Each structure stands twice: as structure tokens, then as C-alpha cells.
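Have a look at the structure below before the remarks.
The values are calculated or read from the model by the stated rules, or taken from the named source; none is laboratory data. It should be emphasised that the depicted structure is a prediction, and the values quoted were computed from it without experimental measurement. Using ideal geometry, Cβ is built from the backbone for each residue, glycine included, and neighbour counts are taken over all protein chains shown. Only protein heavy atoms, including side chains, enter the accessible area calculation; ligands, DNA and RNA are left aside. Shrake-Rupley method; radii C 1.70, N 1.55, O 1.52, S 1.80 Å.
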Amino acid sequence: MTTADLLQRALHHTDDPPLRPLPEQVADLLRRLDAPPRLAAHLRAVHDVAHQLADWTERRNPALSFDREAVLFGAATHDVGKTMYVAELTGPGSEHEEAGRRLLLAEGFAPHLARFAGTHARWTDPEIGIEDLLVSLADKIWKNKRVQELEDLLVARLAGASGGAAWEEFLELDEELARVGEGADGRLAFQASYPVHG
């Protein structure tokens, strides 16, 4: 199977786990960039989790205003810079962050959408919005990784919008993250089933 075939499969695989497809504009971009199949699989897993978190946030706190489409786009593209820094798919590194933001801008995507490639690992920056926190959280919880500092920042935003107690928001978020985390093994296996290179 060629790399292009594997990429196509990663983008459209519908078996187990049943992950939502990436937005077509993102899938087209990944094909044009000859993205590593493993990257496409990772982006699908994070994008699917972002859908779940956005759904939960809307149900839990309907008064909270956030740009759902930006969250989904951000989750679908947050690691696009790894098309240039492929070694960061399997090892440490942050070069892909700013590179991804610049790549998305060069491809004609608006700055408010391109920003997630640069912010998904910097959730403590003062200009971070709730959308950035949701993308960052999706990028952690897809593999059932819990990051207290990140979760606390989201809880504070949720409590601020609802007027409720932070501990109540934490308990609700904790329950949702435990539920989403239960699917981590399937998502990890899906990602691992695709090679970095063809």
C-alpha cells in the first residue's frame, strides 16, 4: 500500500473506533502536503474528542459563548506543522507549532483559525481563549492524559460563565474527561496502526 493510500485510509477509515471525518478543507490540505498517515490519524482522533468536548460544553453551560467551528478546525489542524517537522511525530519538539501557524496562514486560513497550531501547547498565555483551552484539552485527553493546570483553567472559565462553584464545574468536567478517556486505547491503537512514513 502506498503512502497516499495509507493517508487516504487514515482520513476515511470508518471501522473501530468510529471517528468523525476531518473537515474536507483540512483533508484536502493534508493530501496536498503529503502528510504522514500517522499525523492524519492523530488529527482525526483529536478532532473527534474536540467534538465530544464541544458538545459537552454546550450542554453543560449553554450561556458560555465560544466558537465551536474554530475549536473543531483547531483540533483538526493543531499539529499540521509536523508535516515539516516529521521527527516530532514520534519524539519531542515544538518547532511544529509556529511552523504550523505560518503554514496555515500561507494556505489562506484566517489568523483566528491558524492560531491553534501555535497555541495548543501554550495554554497559560494571557491571550488564550476558551477555544484554545478546549483544543489543548482535546490534544491531551484523546490519549487519557490528565493535566491539572489545563483543567483548572477551563474550570475557572466554566465557573465564570455559569456563576457556579468551581468545585461543581470540576466534578462535572472530571466525569466527562473520565468518559472520554475510556476510548483512549482504541484511539491510540488507531493512530499506531499508521506509519509515520509509507
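Side notes on the structure shown:
- Sequence-ordered 3J(HN,Hα) estimates for the range 177-186 from the Karplus curve with 6.51, -1.76 and 1.60 and θ = phi - 60° stand at 5, 5, 5, 5, x, 4, x, 4, 4, x Hz, glycine and proline given as x.
- Computed from point charges on the beta carbon alone (+1 for Lys and Arg, -1 for Asp and Glu), the dipole magnitude for the range 1-128 about its Cα centre is near 40 Debye.
- Note, ³J(HN,Hα) from phi for the range 98-105, Karplus 6.51, -1.76, 1.60, rounded to Hz, x at Gly and Pro: 5, 4, x, 4, 5, 4, 5, 5
- When you filter the trypsin sites (Lys or Arg not before Pro) in the range 67-143 for DSSP loop state and at most 13 other Cβ atoms inside 10 Å of their Cβ, you are left with R122.
- V86 exposes around 40 Å² of accessible area when a 1.4 Å probe is run over every protein chain in place.
- FRET efficiency, T2 to A189 (Cβ-Cβ, R0 30 Å, nearest 0.05): 0.85
- Charge sum, other residues only, whose C-beta stays under 15 Å from A99's C-beta, Lys/Arg counted +1 and Asp/Glu -1: -1
- C-alpha center-to-center spacing [the range 1-68, the range 114-170] in angstrom: 19
- Dipole check for the range 12-86: with +1 at the C-beta of Lys and Arg, -1 at the C-beta of Asp and Glu, and the Cα centre as origin, the magnitude is about 140 Debye.
- Once the Kirkwood radius over Cα pairs is known for the range 52-162, the Stokes-Einstein relation at 37 °C and 0.692 mPa s delivers a diffusion coefficient of 229 µm²/s.
- Environment charge of R20, counting only residues whose C-beta is closer than 15 Å and scoring Lys/Arg +1, Asp/Glu -1: -3
- For the range 63-118, Kirkwood radius (reciprocal of mean inverse C-alpha pair distance, Å): 11.5
- Viscosity 0.890 mPa s, 25 °C: Kirkwood-radius Stokes-Einstein D of the chain over Cα pairs, µm²/s: 145
- Which of A138, A75, V26, positive extreme of dipole for the range 1-139 (C-beta unit charges): V26
- Our estimate of slack between L64 and L33, defined as 0.36 nm per intervening residue step minus the Cα-Cα distance, is 7.6 nm.
- Taking a ≥ b ≥ c as the square roots of the eigenvalues of the alpha-carbon gyration tensor, the range 1-115 is classed oblate because a/c is 1.5 or more while a/b is no larger than b/c.
- Residues whose amide H falls under 5 Å from that of S94, counting only those 5 or more places apart or on a different chain, are absent, with hydrogens built in the peptide plane.
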